[in-house]
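The structure appears right after this line, and notes come after that.
The values are calculated or read from the model by the stated rules, or taken from the named source; none is laboratory data. If you're wondering where the values come from, they're calculated on a predicted model, not measured in any experiment. Heads up, the Cβs are rebuilt from the backbone with ideal geometry, glycines too, and the neighbour counts pull from every protein chain shown.
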């Protein structure tokens with residue numbers, strides 16, 4: 001069976017994680033990506049989740065749905081309080097952070113709060129949870145999401161998690177001294193940010209996806225890197241491991 | 001409430017070393033109309049459902065509820081007419097169940113107010129209160145639209161010149177917390193995740209504690225390093241095995257995801273009427289917590305206990 005969109009996200013994200021690093025992962029795709037990296041090229045990766053877990057080891061078939069349930073804490077080396085977990089992030093211990101989002105703009109600002117005017121929302125979304133904290137305090141941020149035109153919008157209705165705000169040095173000027181949003185991973189492409197303008201640009205496409213298709217699915221003008229590459233397809237081994245982890249396809253779709 | 005008023009209120013609190021055990025129904029009477037009630041645990045972990053059920057049965061109104069991540073207890077209180085004001089960083093059950101239809105209807109329809117903070121910011125608000133200080137600084141929420149829609153403020157750091165976000169202390173009137181074991185005075189121990197509960201206990205004016213088991217003070221003394229809530233913060237101790245059910249209690253029983261899933265599907269299809277039916281069946285219709293647990297059945301409780309043992313081995 002070829003890779004589903006969710007499997008593509010998990011595989012592409014896992015390849016960005018280095019060995020001997022600490023990743024602040026949410027449940028779902030980030031946890032799948034982290035567990036996959038740990039089982040392949042990054043056996044010494046430490047996974048932290050916001051419910052208060054350091055160093056969990058996922059039990060295949062028993063993936064946690066929330067970050068603070070027993071399944072998430074399996075074989076952890078520490079179960080700190082939620083506040084303490086985030087304070088380790090603020091202190092600068094965590095190399096990577098993962099975020100998803102209902103809306104993302106060209107500067108990596110993310111909305112998970114409201115669609116429509118904040119005072120009279122058309123859709124009340126679940127809210128920040130730890131997303132705003134992760135994008136503020138982790139050192140390298142990966143945004144992982146399905147690539148849809150309604151998600152990739154010129155302007156988000158609400159900034160729940162601040163990316164590069166208006167671009168250039170706006171993030172720094174707002175007082176956000178740390179953290180860099182480096183990569184946006186989707187089922188269609190991999191995007192990074194221009195080092196000057198901090199605007200999103202297309203760096204690589206998923207295997208078999210055309211640049212035109214990526215642009216059609218993006219609600220803003222998406223410039224291209226000088227060389228747009230093509231990502232390697234997921235290997236048999238990567239897919240086998242993901243499907244072992246999530247046999248009920250809770251998160252793999 | 002300022003930190004000065006909160007401190008004065010705390011100075012007047014009864015600190016007598018007395019047996020505080022009481023039924024959940026009596027403990028719930030410490031919650032009055034208009035109170036800010038902070039709920040312990042997190043999402044579907046260690047939710048103090050035994051006490052929340054009794055607060056609902058008392059038909060309290062005008063409550064403000066705060067919780068780090070709010071699960072469907074928020075929906076129960078909204079539909080019951082007990083609250084119109086929620087303070088949280090996130091509300092829902094979990095990714096597979098999608099958005100909360102009830103929260104959407106109440107907030108989008110203007111019937112309820114949802115005040116959103118980042119997870120750390122809310123944690124620091126309880127922490128500041130637990131410390132007895134008026135605020136704590138953080139970089140969280142800078143640059144976000146959460147900043148302008150809450151009572152958070154910014155300042156220039158007098159030492160470094162950097163911009164800081166200041167989050168104000170949150171002093172709940174009542175904190176409702178479920179733990180693994182406590183003695184009759186309220187010295188309490190938690191296994192596994194502490195979530196924000198030790199901070200909640202020190203932040204609130206009144207603390208209602210429920211525990212899976214009541215143990216002797218000698219047993220607490222033997223493992224004093226495990227005690228995370230001291231008796232002098234606690235006002236009521238409720239003995240309640242399975243007191244968080246169908247939510248999980250670390251090492252004791254896993255969340256009953258079948259039950260939660262059935263609830264979520266019912267609400268997705270039936271909206272507020274489905275929540276009202278759930279309240280009628282599981283809250284108003286069952287006079288005792290024992291009757292409530294019987295509704296789930298002993299076999300189910302045992303199954304969830306076994307799952308918890310497997311996961312924490």
(request) Would you check which residues across segment B:8-21 are touching a residue at least 40 places away in the same chain (Cβ under 8 Å) and closer than 21 Å to residue B:34 by Cβ and list them? (result) B:9, B:10, B:13
(request) Only residues that are touching a residue at least 12 places away in the same chain (Cβ under 8 Å), in a loop (DSSP other than H, G, I, E, B) and within 8 Å of chain A (Cβ to nearest Cβ): list them for segment B:109-123, please. (result) B:117, B:118
(request) Just name the residue that is farthest from the other protein chains (Cβ to nearest Cβ) out of those in segment B:44-66 that are touching a residue at least 60 places away in the same chain (Cβ under 8 Å) and closer than 24 Å to residue A:50 by Cβ. (result) B:52
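The rows are residues; the columns are (1) in contact (Cβ under 8 Å) with a residue 40 or more places away in the chain; (2) in contact with a helix residue (DSSP H, G or I) (Cβ under 8 Å, 6 or more places away or on another chain); (3) within 23 Å of residue A:169 (Cα to Cα).
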{"residue": "A:79", "(1), (2), (3)": "no, yes, no"}
{"residue": "A:89", "(1), (2), (3)": "yes, yes, yes"}
{"residue": "A:105", "(1), (2), (3)": "yes, no, yes"}
{"residue": "A:110", "(1), (2), (3)": "yes, yes, yes"}
(message) Quick test for you: out of A:110, A:82, A:104, A:141, pick the one residue that is more than 9 Å from chain B (Cβ to nearest Cβ) and farther than 29 Å from residue B:105 by Cα.
(response) A:141
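For every residue, the table says whether it meets (1) at pLDDT 95 or above; (2) not in a strand (DSSP E or B).
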| site | (1), (2) |
| --- | --- |
| A:48 | yes, no |
| A:63 | no, yes |
| A:83 | yes, yes |
| A:90 | yes, yes |
| A:107 | yes, yes |
| A:119 | no, yes |
(request) Considering only segment B:137-197, give the strands (runs of 3 or more DSSP E) lying wholly within it that have at least 1 residues that are within 13 Å of another protein chain (Cβ to nearest Cβ) and more than 17 Å from the chain's Cα centre (by Cα). (result) B:153-156, B:163-168
(request) For residue B:232, state whether it is assigned to a loop (DSSP other than H, G, I, E, B) and modelled with pLDDT of 95 or more. (result) no
(request) Give the residue that is farthest from residue A:6 (Cα to Cα), with candidates limited to residues of segment B:75-99 that are part of a loop (DSSP other than H, G, I, E, B), within 10 Å of another protein chain (Cβ to nearest Cβ) and touching a residue at least 60 places away in the same chain (Cβ under 8 Å). (result) B:93
